[in-house]
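Here's the structure, in structure tokens; my notes come after.
The values are calculated or read from the model by the stated rules, or taken from the named source; none is laboratory data. Since we're looking at a predicted model, the values are computed, not measured. Note that we place each Cβ from the backbone using ideal geometry, even for glycine, and neighbour counts take in every protein chain shown. Protein only, heavy atoms only, side chains kept; ligands, DNA and RNA dropped before computing areas. Shrake-Rupley method; radii C 1.70, N 1.55, O 1.52, S 1.80 Å.
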Amino acid sequence: LGATVHLWLIDYKWRTTRAEARAGDGAFSLLCTRVFSWGMMRQLIRLIFSSTSRRPQIIVASGDCYLGLMGWLLAKLTKSQFAFDIYDRYDEFPGYLHTPGFDLLSFLRKRADICLFASELVPEQLGGRRSSDLVVPNGIDTQHFRPMDQRSCRRQFDLDDEELLVGYFGAHWLNRRQFYRNNAGGHPFKTYSQAWRTSMFESGAAFFFV
């Protein structure tokens with residue numbers, strides 16, 4: 001799109017994350033910091049006190065309402081536009097504080113220049129669509145992913161015609177700590193493989209993992 005993108009990830013949970021990690025090639029850069037770390041404080045200072053020409057034009061906050069609040073405050077301080085990505089009902093997250101007389105999610109939604117949603121359902125649940133709402137649904141490229149005849153598909157990928165195949169498509173994150181720790185020493189791929197092998201391989205099924 002011709003825009004320079006700086007992605008800042010703030011790690012709430014993992015002590016093993018370095019205080020600050022960077023990557024990028026100019027048009028895109030990635031920064032990862034632990035929450036409340038010196039790396040996080042340093043990035044806040046950089047943004048707030050950077051020259052006008054180096055300040056962001058748009059700040060997009062995503063993850064929960066606390067990151068949204070930080071994004072809104074940064075947008076105010078840097079005179080940037082504020083976009084709030086509400087991919088889920090943040091007010092139903094376990095860590096959301098329901099303060100009497102004040103709803104942080106509603107506060108941020110009213111003050112965002114634009115709100116992004118992954119489905120029509122969430123804005124409807126929050127009182128209905130607004131002119132500043134933009135629904136960007138999750139989806140796939142149907143030119144590459146589409147239904148196929150089962151036997152033709154198996155032959156194309158050199159898979160057995162008769163075996164039962166169990167597949168999983170999706171992201172793998174270490175956010176179920178106890179489950180991963182008990183089953184595979186914290187490695188998500190090993191965990192899923194071990195869980196499926198235990199339940200399916202013993203019955204003679206094959207396991208196809210993507």
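A few notes on this one:
- Test: residue in segment 92-111 that is in contact with a Ser or Thr (Cβ under 7 Å, 6 or more places away or on another chain) and open to solvent by 20 Å² or more (accessible area, probe 1.4 Å): no
- Residues that are of a type in the set (Ser, Thr, Tyr) number at least 1 in the following strands (runs of 3 or more DSSP E) confined to segment 43-122: 58-62.
- Boolean, residue 47 is of a type in the set (A, V, I, L, M, F, W, C) and modelled with pLDDT of 95 or more: no
- The requirement of being open to solvent by less than 90 Å² (accessible area, probe 1.4 Å) and at negative phi is satisfied by residue 116.
- When residues of segment 125-145 are limited to those that are part of a loop (DSSP other than H, G, I, E, B), in contact with a helix residue (DSSP H, G or I) (Cβ under 9 Å, 6 or more places away or on another chain) and open to solvent by less than 90 Å² (accessible area, probe 1.4 Å), the one nearest to residue 83 (Cα to Cα): 132
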